[in-house]
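Comments concern the structure below.
The values are calculated or read from the model by the stated rules, or taken from the named source; none is laboratory data. From a predicted model like this one, the values you see are computed outputs, not experimental measurements. As a convention, Cβ positions derive from the backbone with ideal geometry for all residues, glycine included, and neighbour counts pool all protein chains shown. To get the accessible areas, we keep the full protein, side chains included, count just its heavy atoms, and leave off ligands, DNA and RNA. Shrake-Rupley method; radii C 1.70, N 1.55, O 1.52, S 1.80 Å.
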Amino acid sequence: MRRPNVIFIVADDLGFADLGCYGGRDAEFGRVSPVLDSLASRGLRFTEGFSNSPVCSPTRFALMTGRYQYRLRAALDEPMRAKSRSNPLLGLPPEHPTVPSLLRANGYRTALIGKWHLGYPPAFGPLRSGYEEFFGPLSGGVDYFTHCGSDGQHDLWLGDEERREEGYLTDLLSRRACDYVDRMASASSPFFLSLHFTAPHWPWETRDDAHLAPDVRSNLFHLDGGNVETYRRMIHHMDEGIGSVMQALRRNGIEDDTLVIFTSDNGGERFSDNWPLVGGKMDLTEGGIRVPWIAHWPSVIRSAGVSPQHCMTMDWSATVLDAAGVAGDAAYPLDGVSLLPVLRDASHAFARPMHWRMNHRGQRALRDGRWKYLRVDGHDYLFDIAADARERANLAGRDPARLASLREAWEAWNLTMPAIPEDATVSLGYSVKDMPQR
């Protein structure tokens with residue numbers, strides 16, 4: 001089989017039910033995500049796909065490496081902050097194998113268009129971790145018009161050089177992605193394109209909100225702005241951009257042989273719709289980690305597939321390598337599991353225990369089949385997620401033996417991971433003094 005091109009699309013802080021194909025409601029302007037809904041209807045939609053973390057940079061470490069993020073020091077900050085700019089220890093080590101570095105070593109062309117958030121030059125950067133090309137911001141969040149980060153510094157780059165361009169960031173990323181597809185379509189080598197949008201992450205700016213930029217530039221959390229309709233329009237702008245990328249694949253005759261993956265780095269933020277789940281970003285309840293997962297690959301994936309297979313971000317990483325026929329580095333064994341059998345047959349299923357931990361609120365979680373063990377603020381819970389997706393019926397008292405078994409399994413797994421160091425940071429953008437607790 002011909003090695004596929006791969007476009008790995010990541011949204012930022014997208015909620016589980018924000019897309020129409022996941023039950024999302026229409027906006028005042030109409031359908032929020034018609035392109036992604038179409039990709040799901042013509043491909044495969046996962047109902048129980050999870051992010052490796054409920055916050056952005058840790059998930060991105062897992063995405064890049066195909067391994068539990070807890071193995072890397074920088075991934076233990078929740079999340080990495082702009083203040084780490086001068087720290088030579090906080091980033092993705094260039095010597096660590098990554099999905100793009102492994103693919104590139106095996107003949108793939110590679111590019112990251114969009115958010116990096118895995119450390120700053122000169123010690124770290126996309127071009128040091130397997131990407132041939134890079135266009136986008138290095139930090140966790142930027143204004144959509146001035147392209148300045150939370151520290152006020154301009155943060156838009158082309159390769160290793162600062163790049164100043166006028167325009168709404170979502171559109172700039174979409175256009176770059178289309179250009180890349182057009183350039184790579186006639187190449188003899190397959191390509192791997194990471195298209196990592198910042199949408200719909202704050203600040204709350206649509207394509208028509210340039211007038212907000214002077215104020216937002218020093219107020220990226222935008223605690224006094226935004227609303228549901230603005231948020232949905234931001235998703236729609238991203239959806240339009242994905243549509244233009246799909247058109248580029250079609251006009252170049254390479255759609256059938258391109259695996260397009262779409263997911264989010266974590267659960268939704270303040271304006272997101274996570275129904276029926278509880279919680280969101282920074283939480284290990286389902287709303288913080290269960291996210292949209294869509295795969296489209298016409299030559300392999302049948303239309304209208306739906307899979308309940310349990311899986312997490314690093315499984316996508318393993319899947320991409322498997323689809324490309326590329327082995328992982330034996331010195332850095334993958335924790336991710338390939339989903340290629342599921343892509344070929346949506347009815348295929350296998351056991352997939354998944355583990356999480358967070359320094360924030362001392363959270364821990366283990367999902368094993370329908371059962372979930374959860375700890376938050378020192379309290380242990382047991383949920384039957386198949387019957388209670390909202391995690392409201394705590395079965396810990398009714399089934400203490402199962403709770404103990406799952407807790408022991410989590411603790412055994414945790415012993416295989418490095419401990420969280422005392423200097424690991426937890427950064428919250430807002431608290432109950434800014435808005436009521438959800």
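Beyond 41 Å, the tail of the calculated P(r) for the chain holds 9 percent of the Cα pairs.
Listed cross-link partners LYS372/LYS433; LYS115/LYS372; LYS83/LYS433; LYS115/LYS281 are compared with a 21 Å cut-off, the Cα-Cα value being larger for LYS372/LYS433; LYS115/LYS372; LYS83/LYS433.
A simple charge model with +1 on the Cβ of Lys and Arg, -1 on the Cβ of Asp and Glu and nothing else charged puts the dipole of the range 4-137 at about 420 debye relative to its Cα centre. For the pair GLU95 and ASP384, the difference between a 0.36 nm per residue extended length and the Cα-Cα distance amounts to 99.9 nm.
For the chain, with all protein chains in place and a probe radius of 1.4 Å, 49% of the accessible heavy-atom surface sits on carbon or sulfur. Placing a pseudo-label 7 Å from each Cα along the Cα-to-Cβ vector at ALA424 and ASP208 gives an inter-label distance of 4.5 nm.
The distance separating the Cα centre of the range 215-240 from that of the range 282-353 comes to 30 Å.
Expressed as a whole percent, the proportion of Cα-Cα pairs in the range 104-225 lying more than 22 Å apart is 35%.
Extension gain, ARG398 to ASP345, is 15.3 nm, computed as 0.36 nm per intervening residue step minus the present C-alpha separation.
Largest to smallest in accessible area, the residues ASP380, ASP434, ASP155 fall in the order ASP434, ASP380, ASP155 (1.4 Å probe, all protein chains included).
Give me the log10 of I(q) over I(0) for the range 68-167 at q = 0.12, 0.14, 0.18, 0.20 Å⁻¹, as the Debye formula computes it from C-alpha points; what are the numbers? Each listed q maps to, in turn, -0.39, -0.52, -0.85, -1.03.
Using bins of 10 Å that start at zero, the share of Cα-Cα pairs per bin across the range 177-220 amounts to 22, 32, 21, 20, 6, in whole %. Projecting the Cα atoms of ALA82, ALA324, ASN219 onto the charge dipole of the chain, computed from C-beta unit charges around the Cα centre, puts ALA324 farthest toward the positive end. Per the Debye calculation on the range 262-377 with a single equal scatterer at every Cα and no solvent contribution, log₁₀ I(q)/I(0) for q = 0.15 Å⁻¹ amounts to -0.78. Peptides 165-173, 114-122 ranked from most to least packed by the mean count of surrounding Cβ atoms within 10 Å: 114-122, 165-173. Using the Cβ-Cβ distance between ALA304 and ARG2 with R0 set to 22 Å, the FRET efficiency from 1/(1 + (r/R0)^6) comes to roughly 0.35.
Each peptide in 56-62, 124-130, 207-213 gets a packing score, the mean of other Cβ atoms within 10 Å over its residues, and the list from highest to lowest is 56-62, 124-130, 207-213. Each helix, a run of at least 4 DSSP H residues, gives -39500 (n - 2.57); summed and divided by the residues of the chain, these come to -7000 deg cm²/dmol at 222 nm. Taking every protein chain into account, the accessible area of the chain amounts to 38 square angstrom per residue (probe 1.4 Å).
By DSSP, the beta bridges lying fully in the chain are antiparallel in about 55 percent of cases.
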